[in-house]
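Everything below concerns the one structure shown next.
Derivation of every value follows stated rules applied to the coordinates shown; laboratory data play no part. What you see is a predicted model; the values in this text were computed from it and never measured. Reconstructed Cβ throughout: ideal geometry from the backbone, glycine too, with neighbour counts over all protein chains shown.
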Amino acid sequence: MKTIALIGFMGAGKTVISKILAEKLGFQRVSTDEKIVEAEQCSINEIFAQKGEEYFRQVESRVVEQVAQQPETIIDCGGGVVLNPDNVTALKKNGCIYYLKASAGSLYESVKHCSNRPLLKVDDPQARIVELLQAREPFYSQADHILETDGLTPQEVADQLYSLISAD
Ligand code: S3P
């Protein structure tokens, strides 16, 4: 059975949905962010602050290359994974990519009280989300399947994903 990569913007619900889905499918779940933190022994905020985004992206690519090869795995991908075409190639080679697509408004609602997203630590995070989401849409659209998630609970999204995956 193929590897399943969940992609989407920060706050799209990839973490909670990947946990429900892994349980439903009996797959293992890995998170690229968790692997990066484990490898670097420091938080995402610290990596961005001390070593910069470029360094973070290098570590992220190494992690993607590694986890993309694991069978029967749900990969909870950091929101920027799709920016590097090599990552997309690696994920598609061994599996399918599912884009959890949400509006800027609902993404803002889910991240507005979080402080662990260095890219959103700006004066106007709402405007930043709109801007980044627009710039990234072509990258997210490379997914094999797109699921619109606004108004759905994580359980409902996981159920829809389960049906799609079973039909694939
Ligand atoms: C990022 C998303 C984050 C994390 C890092 C960069 C991005 O992951 O990888 O802060 O560029 O969108 P989540 O999407 O899990 O929040």
Restricted to region 1-133, the DSSP antiparallel beta bridge percent, nearest 5, is 0 percent
Quick note, the chain: a/c under 1.5 would make it rounded; otherwise a/b > b/c is prolate and the rest oblate (a ≥ b ≥ c, C-alpha gyration tensor); here it is oblate
A correct fewest-to-most ranking of SER141, SER18 by other Cβ atoms within 10 Å would be SER141, SER18
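Rounding to the nearest 20 debye, state how big the charge dipole of region 3-156 is about its Cα centre with +1 on each Lys and Arg Cβ and -1 on each Asp and Glu Cβ.
Values: 16 positive and 22 negative charges, 30 e Å.
Roughly 140 debye for region 3-156.
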Low-density loop trypsin sites (Lys or Arg not before Pro), region 75-168, at most 12 other Cβ within 10 Å, DSSP non-H/G/I/E/B, are LYS112
Rounded to the nearest 500, the 222 nm mean residue ellipticity computed for the chain from DSSP H runs (n ≥ 4, each -39500 (n - 2.57)) alone is -17500 deg cm²/dmol
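Taking 8 Å as the Cα distance limit and 6 or more residues as the minimum spacing, I'd like the relative contact order of region 3-156 as a percentage.
Details: 224 pairs, mean separation 54.9, N = 154.
Result for region 3-156 is 36 percent.
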Under a Gaussian network model of the chain whose springs join Cα atoms within less than 10 Å, the largest fluctuation of ALA158, ALA143, ALA135 belongs to ALA135
Once Lys and Arg are counted +1 and Asp and Glu -1 for all other residues with Cβ under 12 Å from that of LYS92, the total becomes 0
